[in-house]
1. Take the residues of region 2-20 that are in a helix (DSSP H, G or I) and either of a type in the set (D, E) or in contact (Cβ under 8 Å) with a residue 60 or more places away in the chain (or both): which is farthest from A96 (Cα to Cα)?
2. Considering only residues that are open to solvent by less than 20 Å² (accessible area, probe 1.4 Å) and of a type outside the set (G, A, S), which ones fall in region 22-37?
3. Can you pull out the residues in region 96-122 that are of a type in the set (A, V, I, L, M) and open to solvent by 60 Å² or more (accessible area, probe 1.4 Å)?
4. From the list E35, E97, E23, which residue is of a type in the set (D, E), assigned to a helix (DSSP H, G or I) and within 25 Å of R9 (Cα to Cα)?
5. Given G109, G91, which one is closer than 25 Å to D10 by Cα and modelled with pLDDT of 95 or more?
6. Report, by residue number, each residue of region 43-64 that is aliphatic (A, V, I, L, M), closer than 26 Å to Q88 by Cα and surrounded by 20 or more Cβ atoms within 10 Å (Cβ to Cβ).
7. Taking region 44-59 as the region of interest, how many residues are among the hydrophobic types (A, V, I, L, M, F, W, C) and more than 14 Å from Q15 (Cβ to Cβ)?
8. Looking at this structure, is T40 modelled with pLDDT of 95 or more and surrounded by 20 or more Cβ atoms within 10 Å (Cβ to Cβ)?
Amino acid sequence: MAALIQSFRDLVVWQKSMDLVTEIYRLSKKFPKDELFGLTSQIRRAAVSIPSNVAEGRGKSSKGEFQQFLHHSMGSLAEVETQVIIAQNLGYLNAAETEPVMEIIAEVGRLLNGLLTSLKKK
């Protein structure tokens with residue numbers, strides 16, 4: 001029997017996306033200082049947007065609104081993935097740093113897709 005979801009904090013997708021935010025903040029500390037208002041700010045905002053949209057959507061009254069916010073989370077997740085690749089291409093991150101965060105991104109993507117699929121079936 002599945003656990004009862006009483007809060008957005010109970011959602012595994014929110015928990016994993018919070019892990020992603022923490023990792024993005026940790027990694028982006030290594031970016032050059034001249035990127036503070038560029039890539040550093042952009043990747044952090046996009047990462048924060050993922051669990052924030054999950055939480056906001058969970059707080060809405062309709063399933064359709066929740067789905068819409070999950071789609072926003074998917075868009076922000078794609079942004080983060082793109083920005084991680086950009087950071088690696090620019091030499092701000094190496095493959096050893098990028099690989100674990102890409103695994104978290106993939107996991108969050110699977111969880112978002114699964115939740116969206118489950119909501120569509122209900």
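The values are calculated or read from the model by the stated rules, or taken from the named source; none is laboratory data. Keep in mind it's a predicted model, so treat the numbers as computed, not measured. Methodologically, a virtual Cβ is constructed for each residue, glycine included, from the backbone with ideal geometry; neighbour enumeration extends over all protein chains shown. When the accessible area is computed, the model is the full protein with side chains, heavy atoms only, and any ligands, DNA or RNA have been set aside. Shrake-Rupley method; radii C 1.70, N 1.55, O 1.52, S 1.80 Å.
1. In the first step, residues of region 2-20 are kept if they are in a helix (DSSP H, G or I); the result is 8-10, 12-20.
So of that shortlist, the ones also either of a type in the set (D, E) or in contact (Cβ under 8 Å) with a residue 60 or more places away in the chain (or both) come out as 10, 12-13, 16-17, 19-20.
Details: D10: 31, V12: 26, V13: 24, K16: 20, S17: 20, D19: 18, L20: 16 Å.
The residue in question is D10.
2. Within region 22-37, I24, L27, F31 meet the criteria.
3. A96
4. Matching residue, one of E35, E97, E23: E23.
5. It is G109.
6. As a first pass, look at region 43-64 and keep what is aliphatic (A, V, I, L, M): 43, 46-48, 50, 54-55.
With the extra rule that they be closer than 26 Å to Q88 by Cα, the set shrinks to 43, 46-48, 50.
Those that are aliphatic (A, V, I, L, M), closer than 26 Å to Q88 by Cα and surrounded by 20 or more Cβ atoms within 10 Å (Cβ to Cβ): I43, A46, A47, I50.
7. Our first condition is that a residue be among the hydrophobic types (A, V, I, L, M, F, W, C); within region 44-59, this holds for 46-48, 50, 54-55.
Next cut, more than 14 Å from Q15 (Cβ to Cβ) only: 46-48.
Total satisfying the criteria: 3.
8. In short, yes.
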